[in-house]
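**Q** Handing you a structure now.
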Amino acid sequence: MSVTTTDLCAPLAVLGHDVQVPLVSGEKVAYAALDYAASSPALQRVWDDVAAYAPYYGSVHRGAGYLSQLSTDLFEQSRRTVEEFLDLREGDQVVFTRATTDSLNLLAGVLPAGTRVFAFETEHHASLLPWRREGLTVTYLRAPRSHAEAVAALDAALADAVEGPKLFCVTGASNVTGELWPVAELTEVAHRHGARVVLDAAQLAPHHRVSVRELGVDWVAFSGHKLYAPFGAGVLAGRSDWLDAAEPYLAGGGASRTVAREVDGSVAVEWQSGPARHEAGSPNVIGAYSIASACRALGEAGFEVLEAREQRLIARLKAGLAEIPEVKVLSLFGEDAARVGVLSFVVQGWNSSHFAAALSAEYGIGVRDGLFCAHPLVRTLLGGEDAAPSECGAPEASLPGERSLNAIRVSFGAGTPDEHLERFLAAVRELVTDGARWTYRSEGGRCVADTRR
């Protein structure tokens, strides 16, 4: 596919692109949403598809009526759309979950007893913490500083591992730095040592084509709310054997094939096989359909076109920040490492919460500050400082002028206009040069504009 200049200039239509937000001065401006890594705005296409279906909503796998049959067909067709989007192998299956966190906790629950899990400490908490449970042993590998170091570290760790089932969990793109990980190379090493691989694609899937067949991973997990699809759904897709051999993630209707009362008064259950085994209860059909709609929209737009436009925006952002000496961009693999539209930084002389609050209150720009649910990674990138946040992403109480123990993250994607990044760069330059125009105070552990005037 050839990519033209015209192709590169048009962001995809998203909800909220024309929302006006109030500034602390009393003015209103168009909101610049630059927190895609947390939750991306919904594609207009997704919203339209869901709205068209909504009047026909009915129970799934439950009823004989027309709306129930239509909803069931829509739900299962959504599963097939995700299969195609991920380029799954024959025999792989798609389980609909609530999000990446739910998907990886589901997988952790079906691992055979005695499984040894390996993960770099640089993972998001969703792929760092689910393995800490009875019957599993976790090895956390130190943060590598290059792709080659990551591959070598995994190779050495697996070579020393005892016999038995093994799983390696790896992110596709960092939610802190946006840097891409060498998934195919790591997977080749893992398989050579008899380990299976699960890919956390929460940050990768919205930006890059993900082919399970080409990468060779055993499972992939991602979230709809980062893929321009709201309504609280996610995906775990891949091999079926461990999923079918384990007890259901949730016990209840839909997961059970038959339930019978025994003579002794107990209840005997025969569980379903396939995706239904781990999808007990009434499924989130609208969430699944929204994911499928987003998959179709991204596929039709063409990842080659989307990636080319995003790389242009990344280059502009990096160049603009490089012109401001007080700004330090965080990186694990070096400033030239390939990345998606996610970038974190600190500003000399600023507390990160104060800086992010000023961007919002004075410029109408939404970014994120804190440790981004990746505390070990951010602390490594900040030189080992300890922040002790009160909750995920929210730093402890801090006031302007205090030393920053957290970072600021700007993230964007297929729906981001060029103008939003230009506004962001101009705001950063102005804040660094002139300082904030408003006063700020600490409230609930965050810096907020002081409107008590």
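Readers should treat all values here as calculations from the given coordinates under stated rules, not as data from a laboratory. Note that the structure is predicted; figures quoted are calculated from it, not measured. Virtual Cβ from ideal backbone geometry, glycine too; neighbours counted across all protein chains shown.
**Q** Report the label-to-label distance for Asp87 and Ala315 in nanometres (one decimal), using points 7 Å from each Cα along the Cα→Cβ vector.
**A** For Asp87 paired with Ala315, the spin-label model returns 2.5 nm.
**Q** As a test, work out the antiparallel percent of DSSP beta bridges whose residues both lie in the chain, rounded to the nearest 5.
**A** Rounded to the nearest five, the antiparallel share is 65 percent.
**Q** Go ahead and run the numbers for FRET between Ala38 and Ser266, Cβ-Cβ distance against an R0 of 51 Å, rounding to 0.05.
**A** 0.65
**Q** So how far apart, in nm, are the two label points at Asp450 and Ser273 if each is 7 Å from Cα heading toward Cβ?
**A** Placing both labels 7 Å along Cα→Cβ, they lie 6.8 nm apart.
**Q** Taking Cα pairs under 8 Å and at least six residues apart, what relative contact order does the chain come out at, in percent?
**A** Contact order relative to length: 21 percent.
**Q** Also, quick follow-up: Before anything else, pin down the relative contact order of the range 46-300: Cα pairs under 8 Å, at least 6 apart, normalised by residue count, whole percent. Intermediate results must be reported in sequence, preceding the final value.
**A** Numbers: 484 pairs, mean separation 63.2, N = 255.
Computed value for the range 46-300: 25 percent relative contact order.
**Q** If packing is taken as the average count of other Cβ atoms within 10 Å, what order do 369-375, 251-257, 20-26, 346-352 fall into, highest mean first?
**A** Numbers: 369-375: 24.7, 251-257: 14.7, 20-26: 13.1, 346-352: 20.1.
Order by mean packing, descending: 369-375, 346-352, 251-257, 20-26.
**Q** In debye, nearest 20, what is the charge dipole magnitude of the chain about its Cα centre with +1 on Lys and Arg Cβ and -1 on Asp and Glu Cβ, if you could check? Mind dumping the intermediate values first?
**A** Values: 40 positive and 56 negative charges, 118 e Å.
Computed about the Cα centre, the dipole is about 560 debye.
**Q** Something else now. Please get the size of the charge dipole for the range 46-300, origin at its Cα centre, with Cβ charges of +1 on Lys and Arg and -1 on Asp and Glu, quoted in debye to the nearest 20.
**A** For the range 46-300, the charge dipole is close to 300 debye.
**Q** With a 10 Å radius around each residue's Cβ, average the other Cβ atoms per peptide and rank 441-447, 356-362, highest first.
**A** 356-362, 441-447
**Q** Note the direction-averaged projected area, equal to a quarter of the hull surface, for the Cα convex hull of the range 1-111, in nm². Show your work: numbers first, answer last.
**A** Numbers: hull surface 51.2 nm².
Over every viewing direction, the Cα hull of the range 1-111 projects on average to 12.8 nm².
**Q** How far, in nm, would the chain grow between Ala113 and Asp73 when pulled straight, counting 0.36 nm per residue and subtracting the alpha carbon separation? List each step's numbers first, then the result.
**A** Details: separation 40, 0.36 × 40 = 14.40 nm, distance 3.64 nm.
Here the answer is 10.8 nm.
**Q** Specify which residue in the list Ala322, Ala436, Ala297 is farthest towards the positive end of the charge dipole of the chain, using unit charges on the beta carbon of Lys, Arg (+1) and Asp, Glu (-1), about the Cα centre.
**A** Ala436
**Q** Shifting gears a bit: Grab the Cα-Cα distance for Ala245 and Glu214, subtract it from 0.36 nm times how many residues apart they are, and report the gain in nm with one decimal.
**A** 8.6 nm
**Q** Can you pull the percent of Cα pairs in the chain with separation above 36 Å?
**A** Summing the P(r) tail past 36 Å for the chain gives 32 percent.
**Q** A further question on this structure: Can you check what the net charge comes to around Leu106, using other residues whose Cβ is under 12 Å from the Cβ of Leu106 (Lys, Arg +1; Asp, Glu -1)? Numbers along the way, then the final one.
**A** On the way: positive: Arg98, Arg277; negative: Asp102, Glu247, Glu279.
Spelling it out: positives minus negatives among the neighbours equals -1.
**Q** Arranged from highest to lowest average of other beta-carbon atoms within 10 Å per residue, in what order do the peptides 190-200, 273-283 appear?
**A** On the way: 190-200: 21.2, 273-283: 18.6.
Listed from highest to lowest mean packing, they are 190-200, 273-283.
**Q** Once label points are set 7 Å from the Cα along Cα→Cβ at both Val151 and Glu422, what is their separation, rounded to one decimal in nm?
**A** 4.1 nm
**Q** A further question on this structure: Under the 0.36 nm per residue contour assumption, what length would be gained going from the current alpha-carbon distance of His193 and Phe303 to full extension?
**A** Stretched fully, the His193-Phe303 segment lengthens by 36.3 nm.
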